[in-house]
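Student: Here it is, the structure, as C-alpha cells.
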Amino acid sequence: MLLKDCVAIVTGAGKGLGQGIAEEFFKEGALLALFDIQYDLVENLAKKLDSSGERVMAIKADVTDEMMIKDGMSKVFDKFGKIDILVNNAGISLHKPTKEMSVEDFNKVININLNGPFICSKSVISYMEKQKRGKIVNIASLGGRTGRPGVGVNYAASKAGVIGLTQTLARELGPSGIYVNSICPGPILTEQTKQYSADVFASWNVGRAVKKDGLPQDVADAAVFLSSNKSDWITGVTLDVNGGILMK
C-alpha cells in the first residue's frame, strides 16, 4: 500500500474525479477526510468506504470559505493527529462564449477553482511544516494548458492559475519538506461530461494518441503517485494525463 496510514484530505470528494481519487486512496491505505459542500454525498461515500468511521470522515466544506476550511482541517487533525496529503480537486465549469459570459459567471469559477486551492493550501501549511513533510496535489486541466473546444475563458483562466499556484508554492514550501504538484486531466468520463453528447466528447478528444477513454481511475492513479514517497524528488511539476492529446 503506497499511502498506508497517511492522512489525506480530498476536496470535492462527493462525486466524479474527487470520488475516484478518494476510493483509490482508501485502497492504498490512507486515512481520509472527504471535503465537499454537498455533505450528503461525502457522508454516503464515507459510510460506503468505512462503515466504522475509524478511517474515513466526511466534512461539509466550502473551499471559498477560509473559516470553514480551517475548522475542517482542525477536525481532521483532532481525529487523526496529522495531515499528510491535500488534494485540491473541488471545481466547477460554466462554459459559455465570452460575449455571453457575465462577470459573475467568470468570478464564480475563479473563486472556486483558483481561490479554493489557495485557501486550502494556505490553511494546511502549518500542519505540514510542523511534521516537516507534506504533499499537495492540485487538479488543473488540459483546458489550462491550451484552448480546447467547450472550455470557457473562466475555466481556462482558473486552471492556468492553478498551474502557476503549484509552481510558486513548490518553490516556497520545498525547504519545509512540502511537495506541490498538479495534474492536468484531459477529457474524463464523469457524471459531468456524460451530460454532453458523444459528438461533443469526441471533439474534446481530437488528436488523442490512444483509443482508451479517460476515466477517474487514471487521474486517481496519478494522484496516488504524486502523494506517495515514490515521487519524493518531484515538485512543481504538472503531469498531463490526457491520452496523448497534448504532448509537452
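The values are calculated or read from the model by the stated rules, or taken from the named source; none is laboratory data. Values in this document were obtained by computation on a predicted structure and should not be read as measured data. Quick reminder, even Gly has a Cβ in these numbers, built from the backbone with ideal geometry, and neighbours come from all protein chains shown. For accessibility, only protein heavy atoms count, side chains too; no ligands or nucleic acids. Shrake-Rupley method; radii C 1.70, N 1.55, O 1.52, S 1.80 Å.
Student: Looking only at the stretch 174-194, decide whether some residue is of a type in the set (Ser, Thr, Tyr), under 18 Å from GLY134 (Cβ atoms) and in contact (Cβ under 8 Å) with a residue 60 or more places away in the chain.
Tutor: No, the stretch 174-194 has no match at all.
Student: Okay, next question. Could you identify the single residue in ALA33, ALA22, ALA58 that is within 14 Å of LEU86 (Cα to Cα) and in a strand (DSSP E or B)?
Tutor: Answer to the check: ALA33.
Student: Yes or no: THR168 in a helix (DSSP H, G or I) and open to solvent by 50 Å² or more (accessible area, probe 1.4 Å)?
Tutor: yes
Student: Could you tell me which of the residues TYR155, TYR127 is under 20 Å from GLY16 (Cα atoms) and aromatic (Phe, Trp, Tyr)?
Tutor: The unique qualifying residue is TYR155.
Student: Considering only the stretch 65-161, give the helices (runs of 4 or more DSSP H) lying wholly within it that have at least 3 residues that are closer than 16 Å to VAL180 by Cβ and either open to solvent by less than 40 Å² (accessible area, probe 1.4 Å) or not aromatic (Phe, Trp, Tyr) (or both).
Tutor: Of the helices (runs of 4 or more DSSP H) lying wholly inside the stretch 65-161, those with at least 3 residues that are closer than 16 Å to VAL180 by Cβ and either open to solvent by less than 40 Å² (accessible area, probe 1.4 Å) or not aromatic (Phe, Trp, Tyr) (or both) span 116-131.
Student: Exactly one condition in (1) out of contact with any Lys or Arg (no Cβ under 8 Å at 6 or more places or on another chain); (2) of a type outside the set (Lys, Arg); (3) buried (at least 19 other Cβ atoms within 10 Å of the Cβ); (4) in contact (Cβ under 8 Å) with a residue 40 or more places away in the chain is false for LEU215; which is it?
Tutor: For LEU215, the exception is condition (3).
Student: Here are some residues: VAL124, VAL109. Which one is of a type outside the set (Ser, Thr, Tyr), modelled with pLDDT of 95 or more and farther than 19 Å from TYR155 by Cβ?
Tutor: Testing whether each residue is of a type outside the set (Ser, Thr, Tyr), modelled with pLDDT of 95 or more and farther than 19 Å from TYR155 by Cβ leaves just VAL124.
Student: From the list ALA156, ALA140, ALA198, ALA220, pick out the single residue that is without any contact (Cβ under 8 Å) to a residue 24 or more places away in the chain and within 27 Å of ILE69 (Cβ to Cβ).
Tutor: On inspection, the qualifying residue turns out to be ALA156.
Student: Continuing with this model, one more query. May I ask you to list the residues in the stretch 52-84 that are under 22 Å from GLU28 (Cα atoms), out of contact with any helix residue (DSSP H, G or I) (no Cβ under 9 Å at 6 or more places or on another chain) and not hydrophobic (A, V, I, L, M, F, W, C)?
Tutor: If the condition is that a residue be under 22 Å from GLU28 (Cα atoms), out of contact with any helix residue (DSSP H, G or I) (no Cβ under 9 Å at 6 or more places or on another chain) and not hydrophobic (A, V, I, L, M, F, W, C), then SER52, GLU54, LYS79, GLY81 are the ones that fit.
Student: If a residue must be out of contact with any strand residue (DSSP E or B) (no Cβ under 8 Å at 6 or more places or on another chain) and either small (Gly, Ala, Ser) or surrounded by 13 or more Cβ atoms within 10 Å (Cβ to Cβ) (or both), how many such residues does the stretch 177-201 contain?
Tutor: 8
Student: Can I ask one more? Which one of these does VAL10 not meet: (1) free of Cβ contacts under 8 Å to residues at least 24 places away in the same chain; (2) open to solvent by less than 50 Å² (accessible area, probe 1.4 Å)?
Tutor: Here VAL10 clears every test but (1).
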